[in-house]
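> My questions will all concern the structure given below.
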Amino acid sequence: MSVPLKTKISFDFSVFWCCCVFPLSLHSFLFFFFFQLLGTMNTTPIIDPLQGDFPEVIEEYLQHGCMKCISFNRRGTLLAAGCNDGSCVIWDFETRGIAKELRDNEYSSPITSICWSKCGNRILASAADKSLSLWDVVSGNRITRIVLQQTPLQVRLHPGSSPSLCLACPLSCAPIIVDLNTGSTTLLKVSVSEISNGPTPASRNKCFDGTTSFTPTAACFSKYGKLVYLGNSKGEILVIDHKDGEVRAMVPISGGSLVKNIVFSRNGQYLLTNSNDRVIRIYENLLPLKDEVRALDDLNERLSDLSGVEKLKGVGSKCLTLFREFQDAITKVHWKVPCFSGDGEWVVGGSASKGEHKIYVWDRAGHLVKILEGPKEALIDLAWHPVRPIVVSVSLNGIVYIWAKDYTESWSAFAPDFKELEENEEYVEREDEFDLNPDTEKVKGSDANEDEEVDILAVEKDPAFSDSDMSQEELCFLPATPIRDVAEQQEDKLIESSSKIVDSNNSGSPLSVEAGPNGHTSNNASSPVEDGAVGTRIKRKRKPSEKVLDLQDEKAKKPSKSSKASKSKSKSLIDQDNNGNGFHSDEISD
């Protein structure tokens, strides 16, 4: 990102002294001042720093039930959303249509968190009924369901290609490692005092042992899942080896406030924390990404002269170093959900204030570049697209808003020889410009081999992903099945019910047909369609075309034979009434 140039104007004191000693006119003074100004100014063009690759406006919104949490798959082609009715909706992010809906009618608790596996063929969702559900995306079937002792607020699958472990952060106890195959759980340590020498005091974050906790704890996997980074209520970042549950390092946070969120950038180089002191901090990861466990062992050997907490702090200083701090110095706003951009160059933070939907965008240097203001609804979740400059946010009302960059139309991109004109210009055409076979040079054919087969099924490797080659086939797209509108489904049901009613009325039941005077029959049990009951509007009222209107006018002008016969019949009935045969005009009119 380019930083705006700060122009410095330095007025030479010699010019001022000369003007005082030798009286000059006002024009001469301005002349000297102008050239002095030009000499001190840098002629480099100033670049607008706000024209970055980040979202600016709401491009579209998605609505399906009441959505509470969202998560992109690894490629950003699918967006999963957990709903308030216990279902999970998968959106095709390219077409913005629903590709799959994962639902179990037996359980309808609200979804609290949702995440994808690395290959994209599994989705893990946590619900308010203390359950974890693992779904198969292609078939839509649930693989397993595990019930915990606390409500999980956040879940993360192991970043391996075939995840069988997940990290769950419950509401009021320490984070746990859950084996989805066996259902076994491992409680992680949340305080350095638990491993120090001497009596161990009861931790506020413990659970399963009768103690009560009041503060949740945030945790996340490292890039390759070998370590767990945990932020506790004492303002500390603990580095834990999840295989043996041992704390390998500790990094104290300035201020010692509760850590509400902790997340790694996609490349694993930076760690973001959101503390209760309204400050977002970024730490640079100093450990090698693939050999971080071995690097921790080497640091422990080097610092063998230390022990206990001092040793953990010494190792932690070699693991993470504070890189940048972000906060709103004016309003001191709390942050709901902060996250990195896909490339790690931008940091966004969703405001936790009630009644406002604000998203703050900073560059990695710490400058606030944009404040996105949405509708008057609170923000509850936020996610940045893995590749594109798109931010997706969820409001308290369950609507998903898609923020994108406000692109300027460039018509010159449609053709290489297209030229945009600022104003009208007179154009003189050539003599052969509009001929059928103009004498111009033939367009050179492409060098591509037309006989070569083109593979339209394989997905090309994206250079933005460092580990694109995977041992297991990755799921990038789902066949989207069109879903009919609710109004059309209700109309079809009304058509079926009305047809059944008409068939039953025309079936000749003895209750519906009674003999009238002079042998005439009358249908006393009229159908709901005739009585104007509920469901009489079977089809939508559509505006007739011009052809239909013309035909209706012709029919109105030319009365049909049936109408003539009915008129003659009514005339004969009136004559019979005049002769005293017992018919009345009121009956005929009715």
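The values are calculated or read from the model by the stated rules, or taken from the named source; none is laboratory data. Every value quoted in this text rests on a predicted model; they were computed, and no experiment measured them. Keep in mind that these areas ignore ligands, DNA and RNA; they rest on the heavy atoms of the full protein, side chains included. Shrake-Rupley method; radii C 1.70, N 1.55, O 1.52, S 1.80 Å.
> Whole Å is fine, so just give me how far the alpha carbon centre of the stretch 178-192 lies from that of the stretch 340-367.
32
> Ok, one more. Which order do Glu292, Glu94, Glu345 take when ranked by solvent-accessible area (1.4 Å probe, heavy atoms of all protein chains), largest first?
Values: Glu292 5, Glu94 105, Glu345 80 Å².
Largest accessible area first, the list is Glu94, Glu345, Glu292.
> Something else now. Ranked from the most accessible area to the least, with a 1.4 Å probe and all protein chains present, what is the order of Leu124, Leu171?
Heavy-atom accessible area, descending, gives Leu171, Leu124.
> Follow-up. If you count only protein heavy atoms and use a 1.4 Å probe, how large is the accessible surface of Tyr107, to the nearest 10 Å²?
Tyr107 has an accessible surface of roughly 80 Å² with all protein chains in place.
> How fast does the stretch 116-186 diffuse by Stokes-Einstein, in µm²/s, taking the Kirkwood radius from C-alpha pairs at 20 °C and 1.002 mPa s?
On the way: Rh = 12.0 Å.
Rounded to a whole number, D works out at 178 µm²/s.
> Using a 1.4 Å probe on the protein heavy atoms only, what accessible surface does His158 show? Give it in Å² to the nearest 10.
40
> On the Cα set of the stretch 73-118, report Rg and Dmax in Å, please.
11.1, 32
> For the stretch 240-323, would you read off the P(r) tail past 17 Å as a percentage of all alpha carbon pairs?
51
> Excluding ligands and nucleic acids, what accessible area in Å² is computed for His334 using a 1.4 Å probe, to the nearest 10?
Surface accessible to solvent at His334 totals approximately 60 Å².
> For the stretch 305-436, just say rounded, prolate or oblate: build the C-alpha gyration tensor, square-root its eigenvalues into a ≥ b ≥ c, call rounded for a/c under 1.5, and beyond that prolate if a/b exceeds b/c, oblate if not.
It comes out prolate by the Cα gyration axes.
> Calculate the length of the line joining the C-alpha centroid of the stretch 95-121 to that of the stretch 132-161, in whole Å.
Going from one Cα centre to the other spans 10 Å.
> Once you have a ≥ b ≥ c as the square roots of the Cα gyration tensor eigenvalues for the stretch 340-399, tell me rounded if a/c is under 1.5, and otherwise prolate or oblate according to whether a/b is larger than b/c.
Oblate is the answer for the stretch 340-399, as a/c is 1.5 or above yet b/c matches or exceeds a/b.
> Round to a whole angstrom and tell me the spacing of the C-alpha centers of the stretch 377-433 and the stretch 293-335.
43
> Also, I was wondering about something else. Over 31 Å between Cα atoms, which of Lys118/Lys189; Lys100/Lys336; Lys118/Lys354; Lys243/Lys318; Lys189/Lys290; Lys189/Lys461 qualify? Write out the running numbers ahead of the final one.
Values: Lys118/Lys189 26 Å; Lys100/Lys336 29 Å; Lys118/Lys354 34 Å; Lys243/Lys318 22 Å; Lys189/Lys290 24 Å; Lys189/Lys461 39 Å.
Pairs exceeding 31 Å: Lys118/Lys354; Lys189/Lys461.
> For the full complex of protein chains and a 1.4 angstrom probe, list Cys166, Cys66 by accessible area with the highest value first.
Cys66, Cys166
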